[in-house]
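> One structure, pasted below without further comment.
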Amino acid sequence: MLLTGPMDLKFALRSLRSHPGFTVLAIAILALGIGANTAIFSVVNSVLLRPLEYRDPARLVMIGNDWRDGSASTMTQVSEPDFDDLRSQSTQFDGVAAYMGGGTASSSVIVNNSAEFAGVTRTTEDFFHVMSVEPERGRLITSEEYQFGGPNVVVVSHDFWIHRLASDPNALGTELRAYGRPFKIIGILPPGFNFPSKTDVWVGAIEAKNTSRSAHNWRAIARLKPGVTVERAQTELDTIGSRLSQAYPLSNKNVTLHAMPVQEQIVSGVKTTLWILLGSVGMVLLIACANVANLLLIRASARRREIAVRAALGARRWHIIRQLGIESALIAIVSGIAGIMLASWGMSALLHLAPANLPRVEEVRLDMTVLVFTMLLSLAASVVFGLVPALKASRVDLSDALKQGARGATVGDSRGLRGALVVAEIAISMILLIGAGLLIRSFDRLTRVDLGYRPDHLLVINSNLPAETIEDARRSNLVYGKVAAQIGSIPGIVSASAAMGLVGGPPRSNGGYYLEGGPDYYQLGMTGPQGDFFVIMPDYFRTIGVPLHAGRDFDARDQFDRGLTVVVNEALVRRSFPNENPIGRRINCGMDNSGFMTIVGVVADFRNSDPARPPRPGIFMPYLQHPFFATRMTFIARTAGDPSAMTEIVRKKVAEVSTDLPVQFSTLDDRLAATVASPRFRSTLLGVFAGIALLLAMAGVYGVMAYTVSQRTQELGLRVALGADRGRIIRLVLSGGLKFAVMGLAIGLLGAWAATRLLGAMLFEVGRNDPATYLAMGAGVMLITIAASVIPAWRASRIDPIEALRQE
């Protein structure tokens, strides 16, 4: 029975086929673990590991401002004057450019007399050189066309040409309107180029340079010269940043320039989450391997006579190990194939659950790298779960194995190993359960936070009506006013208004403000009070359900040619007017009008954007007094019934006022769901993985306890014969399961204490060592472990002592 080559494989196949229950169970357990790992790795590979689809992507870096004194968070935006200095003084880059805007529905464009939303990005000269892209058709924007006041030209994406221009071969030279002015299409970029993400149209300069060094509106991108490292470029940026800090201390004090590889910057918001998920699903696979290893140990005990006969006929220990290893490899390979099929299904569910802002999500796919990873993972798993059982099974005493009949004697030397594997499964599942519990509690707190307004029954109508001149802007404002009135007149709509910087999304503008009679911008620099700025219509606060605490709301008195007015929130009052009446005081925030604004009202605080972010000082300005900012308003309407049912009638009412005003519909509940999509994504997935891990661990407990009972039949029968009642037998068996649980919990708690350090920044109002979570998870694991041991214990209590004592 010394097997070699194909004979080993044939024997392994016959052996697995003769025990279909064991084979199917082992493959199912492993396929679940491998499939989950494959699905998560496909996302990690596509988002984090695969190089960006640009030429020499490793040489692309983002350059932004970094506040070293902690007075503000790290920002990617730079001011236009700082960017000009960076471009003129740097020597380590092959090119430096900047861009602004981008993203889905960032602006409205009119194509073929049809108004629609598109991602429009403003760029500076050298942008396409830095990105190293050439047009598929036509040409790029020239230096002369990048000058303010020059010809209005645009370059469009390949997708825009296909879907918006119907692949028109004569599209070059045709016109589209954006920013309230006509642009001629001069180029079409190649398929696949899409930077920044979801951009459809790239334009050059559309306004004069902004000379303020406090207006951080541009994102800078550069291409390193060949052979230049990010560290070497950073040394030069430190020098330039120090020079700017000394030359412009008010705006640039403690501000440095920071370089980061573009790929790292793009994925910075999800990098930690994805690695944690991959590590978590790796733990699930370890538990699956431990389960299969236990199955193999049990099966090896049953095959001890067979292995002994082969050894007696001349098979060496290495031959036995090889044969058992081939069986393990076959299980792993089939599990890997099944895992790939599970992963293809799981990826669809995964991407459906993923937040909309997950970078590079359109690139996620099962490619060759993922398939190779899966097969290597399968083979590695076969070693993990197959090697130790094979070594155990090959170490056999011939005379003992051939003559023994008592089943209990066959497994004595592997009982401790099986128990250790179960303890490891419980410990790993405990780590995952505590991590998932913390994230779920955090997400629950986040969804229950008091927003300060009522998000229910609110229809959101996104719009955009850009203007080129102040006269155009004022005409756009009149259109917005008529649209709001039309929406408000619809039966079933309680009230309607509009805002630039609507709740449920980030503020469109923020920065410093100062008070009349106090230090101004040039004296305060970046050290002055910071706030969020909003342009709103009358009735905005009533529509979203925010109470007015003092003064008045905006009304017909707040016109373009009247005295500037403003409403502030309580956070600003606490910051700038403690123990004072702010009504009548004057404030300036440097929007499109540099005059002082009189405070006419105070509203309650509300969490305008991220629910996890406490309210900051807020300055609300009437839309008619800030015409250019009011061209980017979002309408909001409170409805008596389902807001989604009002979309078509609202669309018709808007079209009656203006056909140049594109609209997109959503609800405020949907917008709020998007703001917590990332916490929901990681808490849900980690919760699912923890649940799978716990089920596998409990299956392992049940399997070991059931097998232990079957091997101790004679002993338990003897105890019954000597007078042990059923309760004592049940307690005896349960104590074995509890021993596993206690050891697993102790190890798992220590592991969780170390592992949850990674979750600190992801938690909201929950500490990483939250006692309630640790206690609840520990108690839950203990109860489920007892439940997994109950059936074997009950069976043990039903043993017939006469039948048990008759067994050999």
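> Step by step: first the residues of segment 495-506, then only those that are buried (at least 22 other Cβ atoms within 10 Å of the Cβ), of a type in the set (Gly, Ala, Ser) and part of a loop (DSSP other than H, G, I, E, B), then the one that is modelled with the highest pLDDT. Which residue is that?
Filtering segment 495-506 for residues that are buried (at least 22 other Cβ atoms within 10 Å of the Cβ), of a type in the set (Gly, Ala, Ser) and part of a loop (DSSP other than H, G, I, E, B), the one modelled with the highest pLDDT comes out as 501.
> Looking only at segment 129-148, which residues are open to solvent by 30 Å² or more (accessible area, probe 1.4 Å), within 21 Å of residue 209 (Cα to Cα) and touching a residue at least 24 places away in the same chain (Cβ under 8 Å)?
147, 148
> Could you list all residues from segment 56-80 that are assigned to a loop (DSSP other than H, G, I, E, B) and modelled with pLDDT of 90 or more?
We begin by selecting, within segment 56-80, every residue assigned to a loop (DSSP other than H, G, I, E, B); these are 56, 68-76.
Answer for segment 56-80, where residues must be assigned to a loop (DSSP other than H, G, I, E, B) and modelled with pLDDT of 90 or more: just 56.
> If we scan segment 272-287, do we find a residue that is free of Cβ contacts under 8 Å to residues at least 40 places away in the same chain and either of a type in the set (D, E, K, R) or buried (at least 24 other Cβ atoms within 10 Å of the Cβ) (or both)?
no
> Would you point out which residue out of 561, 555, 539 is more than 30 Å from residue 674 (Cα to Cα), acidic (Asp, Glu) and out of contact with any Pro (no Cβ under 8 Å at 6 or more places or on another chain)?
The unique qualifying residue is 561.
> Just the residues that are more than 17 Å from residue 51 (Cα to Cα) and open to solvent by 10 Å² or more (accessible area, probe 1.4 Å), please, taken from segment 192-208.
Answer for segment 192-208, where residues must be more than 17 Å from residue 51 (Cα to Cα) and open to solvent by 10 Å² or more (accessible area, probe 1.4 Å): 198, 200, 205, 206, 207, 208.
> Let me ask something else. Please pick out the residue among 219, 232, 243, 213 that is surrounded by 20 or more Cβ atoms within 10 Å (Cβ to Cβ) and modelled with pLDDT of 90 or more.
219
> Answer yes or no as to whether residue 587 is modelled with pLDDT of 95 or more, of a type in the set (A, V, I, L, M, F, W, C) and not in a helix (DSSP H, G or I).
no
> Right, another one. Would segment 541-548 turn up any residue that is without any contact (Cβ under 8 Å) to a residue 12 or more places away in the chain and not in a strand (DSSP E or B)?
no
> Tell me yes or no: at least one residue of segment 530-541 is farther than 23 Å from residue 452 by Cα, at pLDDT below 90 and in contact with a strand residue (DSSP E or B) (Cβ under 6 Å, 6 or more places away or on another chain).
No, segment 530-541 contains no residue that is farther than 23 Å from residue 452 by Cα, at pLDDT below 90 and in contact with a strand residue (DSSP E or B) (Cβ under 6 Å, 6 or more places away or on another chain).
> On the given criteria, is residue 594 part of a strand (DSSP E or B), over 21 Å from residue 548 (Cα atoms) and either modelled with pLDDT under 90 or not hydrophobic (A, V, I, L, M, F, W, C) (or both)?
So residue 594 does not fit the description; no.
> Determine if segment 331-342 includes at least one residue that is buried (at least 20 other Cβ atoms within 10 Å of the Cβ), at pLDDT 70 or above and touching a Phe, Trp or Tyr at 6+ places or on another chain (Cβ under 7 Å).
no
> Continuing with this model, one more query. Look through 433, 451, 465, 459 and report the one residue that is buried (at least 23 other Cβ atoms within 10 Å of the Cβ), closer than 17 Å to residue 674 by Cα and either at pLDDT 90 or above or over 26 Å from the mean Cα position of the chain (by Cα) (or both). Lay out the reasoning, then the answer.
Numbers: 433 fails: closer than 17 Å to residue 674 by Cα; 451 fails: buried (at least 23 other Cβ atoms within 10 Å of the Cβ); 465 fails: closer than 17 Å to residue 674 by Cα.
None of the others qualify; the one that does is 459.
> Looking at (1) modelled with pLDDT under 85; (2) surrounded by fewer than 22 Cβ atoms within 10 Å (Cβ to Cβ); (3) not in a loop (DSSP other than H, G, I, E, B), which is the one condition that is false for residue 94?
Going through (1) modelled with pLDDT under 85; (2) surrounded by fewer than 22 Cβ atoms within 10 Å (Cβ to Cβ); (3) not in a loop (DSSP other than H, G, I, E, B) one by one, residue 94 breaks only (1).
> Please go through segment 468-494 and pick out each residue that is out of contact with any Lys or Arg (no Cβ under 9 Å at 6 or more places or on another chain), open to solvent by 70 Å² or more (accessible area, probe 1.4 Å) and outside any helix (DSSP H, G or I).
Across segment 468-494, the qualifying residue is only 491.
> Name the one entry in 414, 378 that is part of a helix (DSSP H, G or I), buried (at least 18 other Cβ atoms within 10 Å of the Cβ), over 29 Å from the mean Cα position of the chain (by Cα) and at pLDDT below 85. Write out each step before concluding.
Working: 378 fails: over 29 Å from the mean Cα position of the chain (by Cα).
Sole residue among the options that is part of a helix (DSSP H, G or I), buried (at least 18 other Cβ atoms within 10 Å of the Cβ), over 29 Å from the mean Cα position of the chain (by Cα) and at pLDDT below 85: 414.
> Let me ask you something else. Just one of (1) closer than 22 Å to residue 450 by Cβ; (2) crowded, with 20+ Cβ neighbours inside 10 Å trips up residue 635, so point out which.
(1)
> Tell me yes or no: at least one residue of segment 98-118 is modelled with pLDDT of 90 or more and open to solvent by less than 10 Å² (accessible area, probe 1.4 Å).
Yes, segment 98-118 contains at least one residue that is modelled with pLDDT of 90 or more and open to solvent by less than 10 Å² (accessible area, probe 1.4 Å).
> Which of the following residues is open to solvent by 50 Å² or more (accessible area, probe 1.4 Å), at pLDDT 90 or above, assigned to a loop (DSSP other than H, G, I, E, B) and closer than 19 Å to residue 596 by Cβ: 557, 562?
Values: 562 fails: at pLDDT 90 or above.
Going through 557, 562 in turn, the sole match is 557.
> Only residues that are within 19 Å of residue 683 (Cα to Cα) and open to solvent by 70 Å² or more (accessible area, probe 1.4 Å): list them for segment 746-768, please.
753, 757, 758, 761, 765
> Still on this structure: Against the conditions (1) under 30 Å from the mean Cα position of the chain (by Cα); (2) more than 24 Å from residue 65 (Cβ to Cβ); (3) without any contact (Cβ under 8 Å) to a residue 60 or more places away in the chain, where does residue 229 fall short? Just the number, please.
(2)
> With respect to the numbered conditions (1) closer than 29 Å to residue 699 by Cβ; (2) surrounded by fewer than 21 Cβ atoms within 10 Å (Cβ to Cβ); (3) modelled with pLDDT under 80, which one is the sole condition not fulfilled by residue 441?
(3)
> List the pairs whose first member sits in segment 609-624 and is of a type in the set (Asp, Glu), whose second member is open to solvent by 20 Å² or more (accessible area, probe 1.4 Å), and whose Cβ atoms are under 9 Å apart, counting only residues at least 6 apart or on separate chains?
Taking only residues 6 or more apart or on different chains, the pairs are 610/506; 610/675.
> In segment 247-270, which residue that is at pLDDT 85 or above and part of a helix (DSSP H, G or I) is surrounded by the fewest Cβ atoms within 10 Å (Cβ to Cβ)?
Checked segment 247-270; the qualifying residue surrounded by the fewest Cβ atoms within 10 Å (Cβ to Cβ) is 247.
> Could I ask something else about it? State which residue is most open to solvent (accessible area, probe 1.4 Å) when the search covers only segment 638-671 and only residues that are closer than 20 Å to residue 115 by Cβ and hydrophobic (A, V, I, L, M, F, W, C). Talk me through it step by step, then tell me what you get.
Of segment 638-671, the ones closer than 20 Å to residue 115 by Cβ are 647-666.
From what is left, the residues that are hydrophobic (A, V, I, L, M, F, W, C) are 649-650, 654-655, 657, 661, 663, 665.
Values: 649: 69, 650: 0, 654: 5, 655: 53, 657: 44, 661: 11, 663: 28, 665: 52 Å².
Among residues in segment 638-671 that are closer than 20 Å to residue 115 by Cβ and hydrophobic (A, V, I, L, M, F, W, C), the one most open to solvent (accessible area, probe 1.4 Å) is 649.
The values are calculated or read from the model by the stated rules, or taken from the named source; none is laboratory data. Because the structure is predicted, anything quoted here is derived from the model rather than measured. Please note: Cβ atoms are built from the backbone with ideal geometry, for glycine as well, and neighbour counts cover all protein chains shown. Areas reflect the complete protein model, heavy atoms only, side chains present, ligands, DNA and RNA absent. Shrake-Rupley method; radii C 1.70, N 1.55, O 1.52, S 1.80 Å.
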